[in-house]
There are 2 protein chains.
Amino acid sequence: MKGEASRDGQNVLLIHDLLRHSILRGSLAPGQVTSQLELARDLGVGRTPLREALRLLQREGLVVQEPNRRVRIAELSISDAEQIYTMRIALEAAAIRMTVPTLTPEDLAELEGLYAQMEHYMRTQDFERMDVPHRAFHLGLVRAAGPRWLEEIGQLFDHAERYRVAFFRARPERGYLRQAEHRAMLDAAVGRDVERTIACMAQHYAHTALVVFSQLQPGYTSTRLNAILEVVAPGVLAKLSF
Amino acid sequence: MKGEASRDGQNVLLIHDLLRHSILRGSLAPGQVTSQLELARDLGVGRTPLREALRLLQREGLVVQEPNRRVRIAELSISDAEQIYTMRIALEAAAIRMTVPTLTPEDLAELEGLYAQMEHYMRTQDFERMDVPHRAFHLGLVRAAGPRWLEEIGQLFDHAERYRVAFFRARPERGYLRQAEHRAMLDAAVGRDVERTIACMAQHYAHTALVVFSQLQPGYTSTRLNAILEVVAPGVLAKLSF
DNA sequence: TCGCCTCAAACTGTGGACAATATACCTCTA
DNA sequence: TAGAGGTATATTGTCCACAGTTTGAGGCGA
């Protein structure tokens, strides 16, 4: 983890972003303990802006800071993963109800463009570059719900990515086999079919969640996942049988 | 805004709490601009821990910090208020679906106790002290959903309080006339009637929201609020006619 | 070998110093 | 008087120093 932060001006946000990506991508491993001094040296900055960046990460739940103790990177747990995925589904379901009926033709065109980008990177097996249009696609669908909704959904997206990256690392392509589900979501949105969009979204996340949960807790049953789904998005299961 | 932070140890969290309460209660007014030096002097601390506390508040959206500019307390807006209340309802509806079926007798007893406390302070017109049991009551109902859910719902509760305090200040008692709705929520939870609990919750928040929205934007119609309700908690309106 | 104690090294929390930047005032001009 | 320009002041962003705490390696005793 070597790098240099720029010398001019506002480093805090830059430091925050660098560390955040390192944690989300796993190069700062869950549970790892490190010192402010070491992080500061690696990034080529002083401890003052570093500490501010760490506070931001602490608030987000990506690092744990106990008084006078060193920094610990937040660990992964099945309970946390369940909460992340349930919150995502609950929030995005409501967001989709708000946004899909009011998406403009330009919005839909933008989503089509992002889908095309994903499709392209899929074909060229350039999975690394899919992250950007993938995130933009999911957030683009709910952007119109407002900045608060967007920020919270975006954060949950990133945290879910942390789990996904951690467990799909070995076979990166598997994490993106769900491209057909993106297509289905987009088709439903274009057709202004709100409930169908929600069902596709829930199914999309549930598929990934099941893999993540199974890795975290061998023997995790899809029965439990279905029960959870019925709670955070009632009626979705019934609509999925098509 | 004069005060002294303790001299020993970890001031950052203390500073954060002090400033947070000052903002939520309105003693640091929305839109107000101030300097780090002034805040530090008032609190009797240095700028280093203060800056860290400000970062936490920035992440929470209670202060706005642009590079090289002074601190600005986040302003109130109808768009923000709408997002807060819609997110609350969407999240708590899902949370209630998860928790109400599994509440233990002890949980319910605790909620009854908190209700009784509110009732007491209501009778003695001691509205200031109602805040603590009020918050505990609402969060107690959804605590079992997990720490992530609890933290997010708690934050939304606090931000909603900021709006409520700002607009009910003149007539503090009006903010708590909804005690009957707390009773109805609790009765529904005791009876394990999930959908009814959700309906009571949504109605409870919608009542407050309508007052807040009307103050922020004179002429705000309950028609718009009802439309929003139908989106974030479908079917709730139908259940409210009892 | 294992557990406990001791103590030096490493680390955190905080105040202060200093350069870079923004702000406010004051002057000058039309 | 209103507006533009320039300069002094205030403020931010950062690094560094220092006191207090934690950490961990080595030594001691059983």
(request) Only residues in segment A:93-116 that are under 14 Å from A:H134 (Cβ atoms) and of a type in the set (F, W, Y) count as the first member; pair them with residues that are open to solvent by 50 Å² or more (accessible area, probe 1.4 Å) and assigned to a helix (DSSP H, G or I), Cβ under 8 angstrom, at least 6 apart or cross-chain, and list the lot. (result) A:Y115/A:R183
(message) So in segment B:15-36, with the set limited to residues that are open to solvent by 50 Å² or more (accessible area, probe 1.4 Å) and away from chain A (no Cβ under 14 Å), which one is nearest to DNA strand C (Cβ to nearest atom)?
(response) B:V33
(request) Considering only segment B:20-39, state which residues are within 9 Å of DNA strand D (Cβ to nearest atom) and either over 17 Å from B:N68 (Cα atoms) or among the charged types (D, E, K, R) (or both). (result) B:E38
(message) Among the residues that make up segment B:155-167, is at least one of them closer than 20 Å to B:G113 by Cα, open to solvent by 20 Å² or more (accessible area, probe 1.4 Å) and modelled with pLDDT under 95?
(response) no
(message) Out of B:T86, B:T99, I need the residue that is away from DNA strand D (no atom under 16 Å from the Cβ), more than 18 Å from B:R164 (Cα to Cα), buried (at least 22 other Cβ atoms within 10 Å of the Cβ) and among the polar types (S, T, N, Q). Which one?
(response) B:T99
(request) For residues that are open to solvent by 30 Å² or more (accessible area, probe 1.4 Å) and touching a helix residue (DSSP H, G or I) at 6+ places or on another chain (Cβ under 8 Å), scanning just segment A:37-47, find the one that is farthest from A:R72 (Cα to Cα). (result) A:G46
(request) Kindly check whether there is at least one residue in segment B:203-224 that is part of a helix (DSSP H, G or I), farther than 23 Å from B:F167 by Cα, touching a residue at least 12 places away in the same chain (Cβ under 8 Å) and open to solvent by 30 Å² or more (accessible area, probe 1.4 Å). (result) no
(request) Output the residues belonging to segment B:51-79 that are away from chain A (no Cβ under 12 Å) and over 20 Å from B:A209 (Cβ atoms). (result) B:V63, B:V64, B:R70, B:V71, B:R72, B:I73
(request) Tell me, please, whether a residue that is surrounded by 17 or more Cβ atoms within 10 Å (Cβ to Cβ) and at pLDDT below 95 can be found in segment B:132-140. (result) no
(message) Of the conditions (1) of a type in the set (D, E, K, R); (2) touching a residue at least 24 places away in the same chain (Cβ under 8 Å); (3) within 16 Å of DNA strand D (Cβ to nearest atom), A:R55 satisfies every one except a single condition; which number is it?
(response) (2)
(message) For segment B:29-111, give me every one of the helices (runs of 4 or more DSSP H) that falls completely inside it and has 2 or more residues that are under 17 Å from the mean Cα position of the chain (by Cα) and in the same structural domain as B:P218 (by TED's automatic domain parsing).
(response) B:78-99
(request) Show the residue pairs that are 6+ apart or on different chains and have beta-carbon atoms under 7 Å apart, the first residue being within segment B:60-81 and within 16 Å of DNA strand C (Cβ to nearest atom), the second being in a loop (DSSP other than H, G, I, E, B) and modelled with pLDDT under 95. (result) B:P67/A:G9; B:P67/A:Q10
(message) Whether any residue in segment A:102-117 is at pLDDT 95 or above, crowded, with 21+ Cβ neighbours inside 10 Å and within 14 Å of chain B (Cβ to nearest Cβ) is what I want to check.
(response) no
(request) Determine if segment A:3-19 includes at least one residue that is in a helix (DSSP H, G or I), more than 16 Å from DNA strand D (Cβ to nearest atom) and either touching a helix residue (DSSP H, G or I) at 6+ places or on another chain (Cβ under 9 Å) or free of Cβ contacts under 8 Å to residues at least 24 places away in the same chain (or both). (result) no
(message) Of the residues A:E60, A:E66, A:E75, only one is closer than 23 Å to A:R148 by Cβ and either modelled with pLDDT of 95 or more or within 16 Å of DNA strand D (Cβ to nearest atom) (or both); which?
(response) A:E60
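The values are calculated or read from the model by the stated rules, or taken from the named source; none is laboratory data. What you see is a predicted model, and the numbers here were worked out from it, not measured in a lab. Glycine also receives a Cβ, built like all others from the backbone with ideal geometry; neighbour counts cover every protein chain displayed. Surface areas here come from the heavy atoms of the whole protein model, side chains and all, with no ligands, DNA or RNA. Shrake-Rupley method; radii C 1.70, N 1.55, O 1.52, S 1.80 Å.
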